[in-house]
Amino acid sequence: AAEGLVTNELLMLAKAGDPVAIERIMSRYLPRLQRWASGRLPSYARSLLDTSDLVQETLMRTLEGLDRVEVRGPGGFQAYVRQAVLNRIRDQVRWAARRPGREEVPEDLLDPSPSPLEEAIGADVLARYERAFATLSAADQELLHLRLELDFEPVEIASMTGRPSKDAVRMAVQRALARLAEEMDRER
């Protein structure tokens, strides 16, 4: 039964100091956040701290300060931690910019090199994906965001969205993906 706990329940338990809940949150979110943050910290801004360490440290700090965190909606906790990770990356880049011998570093952190997703599928396909995604209903966007971007399992999505079962989620995600593919094909 404990495996089926949704994030909000885990967060409440973690706020109360439950070490099992804290460990579950770490094991659920750390790999996702590390994949998401991969490549976002420019190599010149790395010192003894690499991106993976930065993500782990940020997640731990967030969990230590859970009493100050208010999570709203599906994916709210992950969005909160992602913003915290981006803030840490910005701090690290600013620190690197102040080191002697470094030229000025832009604040916007726009890296001209392709992201790992862009490398995998190509920037043009990614742009088509984003335009097609924007045409989907809010329900389809939510399902695809939870499944593809945030990597939640169907059972978790069922709990978050009030769908009756993980199978219902799988079918809804498949239908949303079909609508997305149809929209992307129209753009060719």
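Brief remarks on what is shown
- Extension gain for L30-D18 works out to 2.5 nm (0.36 nm per residue, less the C-alpha to C-alpha distance).
- Between R186 and A127, residue separation times 0.36 nm minus the direct Cα-Cα distance comes to 19.9 nm.
- Summary of packing: across the peptides 173-181, 62-70, the per-residue average of other C-beta atoms within 10 Å ranks them, highest first, as 173-181, 62-70.
- Remark: spin-label model distance E57-K166 equals 3.6 nm, labels positioned 7 Å along the Cα→Cβ axis.
None of the figures in this text is laboratory data; all of them are computed from the coordinates on show. Treat the numbers as computed from the prediction; the structure is a model and nothing was measured. Counting neighbours? That spans all protein chains shown, and the Cβs are built from the backbone with ideal geometry, glycine included.
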